[in-house]
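A quick write-up on the structure given underneath.
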Amino acid sequence: MHPGGGPGEEYDMSSPPNWPRPAGSPQVFNHVPVPQEPFRSTISTTKKSDSLCKLYEMDDNPDRRGWLDKLRAFMEERRTPITACPTISKQPLDLYRLYIYVKERGGFVEVCKVP
């Protein structure tokens, strides 16, 4: 591994190179962690909003509640919680039914194929 190697040469990318930086350039590889506020789940700490309750009440399918609980937990873990029922043209979007339709048609890749 040496600077200016040819194509296909492998480089150790585990640490930044020790090249001199011009004065005034920003510190790009700052290894000091930025303190973050602890993440608080909204699933267990708050009551479901009325809008979010619509997702649970769209039909009587017994699998709906479990699926929606798993989806909400997944989105919470990603720190992108679902806080309201999604809508399209002011109409509620049934995420569970959308999931079922996509699954029946072969999954995301199949549904998104261009004919």
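For this structure, a couple of remarks:
- Note on segment 55-115: Cα Rg divided by 2.2 N^0.38 Å, N the number of residues, gives 1.23.
- Potential extension, residue 49-residue 97 segment - 0.36 nm per residue separation minus Cα distance: 15.3 nm
- Relative contact order (%) - segment 42-109, alpha-carbon pairs under 8 angstrom, separation at least six: 34
- Between residue 88 and residue 60, the simple spin-label model (points 7 angstrom out along Cα→Cβ) gives 2.7 nm.
Values quoted throughout were computed directly from the atomic coordinates according to the rules given, and no laboratory measurement underlies them. Because the structure is predicted, anything quoted here is derived from the model rather than measured. All Cβ positions, glycine included, derive from the backbone under ideal geometry; neighbour counts span all protein chains shown.
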